[in-house]
Amino acid sequence: MLKYTLKRILLLVPVVIGITFLVYLVLSVSPGDPARMMLPEDATEAIVAAKREELGLNDPIVVQYLRYMGNAIQGNFGTSWYQGFDVLSEFSHRLPYTLTLATIATLVAVLIGIPAGVYSAVRHNHMPDYIITFFSLLLSAAPTFWLGMMYQLLFSLRLGWLPASGASNWKCFVLPVVSLAGGMLAGNSRMTRTWLLDIIRSDYVRTARAKGNKETVVIFKHALRNALLPVITQIGVGFSNIVGGSLVAENVYAFPGIGSFLSSAVKSKDIPIVVGCIVVVSIIVGITNLIVDLLYAVVDPRVQLGK
């Protein structure tokens, strides 16, 4: 397992390089001149040209990218072109907010979604199954930004129970967590239900029942464990989606994570911030996928990593 883990970590390197280079390329050829955007409207062409030379924008794209990645390897992610702060320091401040938000949302989705899926499968074609399936489909279809605004209108403006924005205390996390956990919770519930329904019809499950085992033992010991592999994949993908796609919820709730940080940087073509965010998110997603693969071997001993 150690050899497999080291191999997967090494494979992260070309993945990060490929993703960041593609993002760097797209930002470089997209409309808009960062040098002109940084300067006053009445700046002359000579001043703009000097600013471009200062930022290194006159060099070929490959040279700019290699220079940036060479500095990033040394822990220097550069300085924001527009606000002048150190990018790595700002990451260090914002990343814990996003990771906390994603972790809590994932735990909520797992602790509610998997039991709901199990109960729905056990009560197949009964009223609880219909109710759980209906709400799962509803949460899957509802956009995150729409849910966020509806929660703000109800719980913040009308009822006054929770703050509508910020991250000053634990109450500020409630609405963003609920907004982000909804879709993932629905996916976990539907995935658990689908695979559990398939497995409880298997011969070995019928044999376990024939031996006189209690229904809870049959479901949780024999059936659910074999149904967890695709659910674990769903959880890993959901966590990665929350980390990489949290900018919607963070913008709605004015949450100080890397999502809102990245959104404002893309609008202004602040390349050091954008590429730095992509590097961090790519590493987090790669590590998440590695953890998912390692959990396969824990849940199912038949899985042999690396073979």
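When each of Tyr119, Tyr24, Tyr82 is tested for being over 21 Å from Asn289 (Cβ atoms), in contact (Cβ under 8 Å) with a residue 40 or more places away in the chain and either of a type in the set (S, T, N, Q) or not in a loop (DSSP other than H, G, I, E, B) (or both), the lone residue that passes is Tyr24.
Tell me, yes or no, whether region 78-91 has at least one residue that is within 30 Å of Glu54 (Cα to Cα) and touching a Leu at 6+ places or on another chain (Cβ under 8 Å). Checked region 78-91: at least one residue is within 30 Å of Glu54 (Cα to Cα) and touching a Leu at 6+ places or on another chain (Cβ under 8 Å). Regarding region 58-65, can at least one residue be identified that is under 29 Å from Leu12 (Cβ atoms), of a type in the set (Val, Ile, Thr) and either surrounded by fewer than 14 Cβ atoms within 10 Å (Cβ to Cβ) or touching a His at 6+ places or on another chain (Cβ under 9 Å) (or both)? There is at least one residue in region 58-65 that is under 29 Å from Leu12 (Cβ atoms), of a type in the set (Val, Ile, Thr) and either surrounded by fewer than 14 Cβ atoms within 10 Å (Cβ to Cβ) or touching a His at 6+ places or on another chain (Cβ under 9 Å) (or both).
Is it the case that some residue within region 168-177 is in a helix (DSSP H, G or I) and free of Cβ contacts under 8 Å to residues at least 60 places away in the same chain? Checked against the condition, which is being in a helix (DSSP H, G or I) and free of Cβ contacts under 8 Å to residues at least 60 places away in the same chain, region 168-177 yields at least one hit. Just give me the residues in region 1-10 being assigned to a helix (DSSP H, G or I), of a type in the set (A, V, I, L, M) and either touching a residue at least 24 places away in the same chain (Cβ under 8 Å) or surrounded by 14 or more Cβ atoms within 10 Å (Cβ to Cβ) (or both), in sequence order. Correct list: Ile9 only.
Being surrounded by fewer than 19 Cβ atoms within 10 Å (Cβ to Cβ) and of a type outside the set (D, E, K, R) is the filter; apply it to region 179-198 and report the residue that is nearest to Ala109 (Cα to Cα).
Ranking the candidates gives Thr194 first.
Of the residues in region 94-105, at least one is surrounded by fewer than 14 Cβ atoms within 10 Å (Cβ to Cβ) and part of a helix (DSSP H, G or I).
Is there a residue being farther than 18 Å from Ala121 by Cβ and in a helix (DSSP H, G or I) anywhere in region 208-225? Among the residues of region 208-225, at least one is farther than 18 Å from Ala121 by Cβ and in a helix (DSSP H, G or I), which makes the answer yes.
When Gln234 is tested against the conditions (1) surrounded by fewer than 18 Cβ atoms within 10 Å (Cβ to Cβ); (2) in a helix (DSSP H, G or I); (3) within 18 Å of the chain's Cα centre (by Cα), the lone failure is (1). Kindly list, by first and then second residue, each pair from a residue in region 262-274 that is in a helix (DSSP H, G or I) to a residue that is among the small types (Gly, Ala, Ser), limited to pairs with Cβ atoms under 7 Å and residues at least 6 apart or on different chains. Within 7 Å, the pairs are Pro272/Gly78; Pro272/Ser80; Ile273/Ser80; Ile273/Ala265; Val274/Ala265. Restricting attention to region 158-167, the residues that are polar (S, T, N, Q) and assigned to a helix (DSSP H, G or I) total 0.
Condition check ((1) in contact (Cβ under 8 Å) with a residue 24 or more places away in the chain; (2) under 22 Å from Ile284 (Cα atoms)) across all residues:
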residue: Val16; (1), (2): yes, yes
residue: Met37; (1), (2): yes, no
residue: Val48; (1), (2): no, no
residue: Ile61; (1), (2): yes, no
residue: Tyr65; (1), (2): yes, yes
residue: Met69; (1), (2): yes, yes
residue: Asn76; (1), (2): no, yes
residue: Pro96; (1), (2): no, yes
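If a residue has to be modelled with pLDDT of 80 or more and in a helix (DSSP H, G or I) to count, how many in region 252-261 make the cut? Within region 252-261, residues that are modelled with pLDDT of 80 or more and in a helix (DSSP H, G or I) number 2.
Filter region 122-157 for residues that are in a helix (DSSP H, G or I) and of a type in the set (D, E, K, R) and give the result.
Asp129
The values are calculated or read from the model by the stated rules, or taken from the named source; none is laboratory data. The model shown is predicted, which means the values in this text are computed figures rather than measured ones. With ideal geometry, Cβ positions are generated from the backbone for all residues, glycine too; neighbour counts draw on all protein chains shown.
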